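Structure first, then comments.
Each value in this text was obtained by applying a stated rule to the coordinates, not by laboratory testing. The structure presented is a predicted model; accordingly, all values stated were derived computationally and were not measured. All Cβ positions, glycine included, derive from the backbone under ideal geometry; neighbour counts span all protein chains shown.
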């Protein structure tokens, strides 16, 4: 096992605050155990471990991410995603099966959205033609979190957003009643509106009868 894994786990356990575990779990509506470690402390523990024992190969990257992800506490899973998104040289098409497994297993917004924007989204940005094929599959996948990921995959693309893909994905899932899909549509459109407000608002106006009220409210929040 790569030394980063036990160092991080032990560091989190040492910084545990039992008084914070209940509120953290309640906020996320999960039964998964927490250490009660705040974000800043978690990042400090992870950064120190990686500074002492840098990841130097794709095999180590996959091993550390997989090992941290397999641990039971939420903060350990956050650290797994922290490693996954920190080493951008390994954020590539070859890592997509790993991200897919994490999304399906994570199955909640705090884990999925981070992976969608900073892992899957970065692969799509750098390898658009290849990864767009995967997104085309995910947008119609039976797993709701993969569908959400496909919608959110361009959150950080700004001027490089493929608007045709974004609008197509939003319309293909506009019939869904699932809150997390409707919210994702609105969020993705609102982010793109920061770059192209005219295009987004025109799309919303033309499709106001197809998009849910929640999606429209989110998309046009800053109109």
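The figures follow:
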| read-out | value |
| --- | --- |
| Cα extents of the stretch 142-221 along the three principal axes, largest first (Å) | 30, 25, 19 |
| Length gained when the stretch residue 198-residue 38 is fully extended (0.36 nm per residue, less Cα-Cα span) | 53.7 nm |
| Anisotropy class of the stretch 1-152 from Cα gyration tensor, a/c 1.5 cut | oblate |
| Alpha-carbon centroids, the stretch 99-129 and the stretch 165-209: separation in whole Å | 19 Å |
| Acute angle (nearest 10 degrees) that the helix 74-86 long axis makes with the longest principal axis of the chain, alpha-carbon atoms | 70 degrees |
| Between 0 and 90°, nearest 10: helix 58-70 axis offset from the chain longest Cα axis | 90 degrees |
| Between 0 and 90°, nearest 10: helix 179-193 axis offset from the chain longest Cα axis | 80 degrees |
| Extended-chain gain in nm, criterion 0.36 nm per residue less alpha-carbon gap, residue 17 and residue 53 | 10.4 nm |
| The stretch 65-104 shape via C-alpha gyration tensor axes, a/c threshold 1.5 | oblate |
| Shape of the stretch 82-145, Cα gyration tensor, a/c cut at 1.5 | oblate |
| Relative packing of 122-128, 179-185, 198-204, 16-22, which averages over residues the other C-beta atoms within 10 Å, highest first | 179-185, 122-128, 198-204, 16-22 |
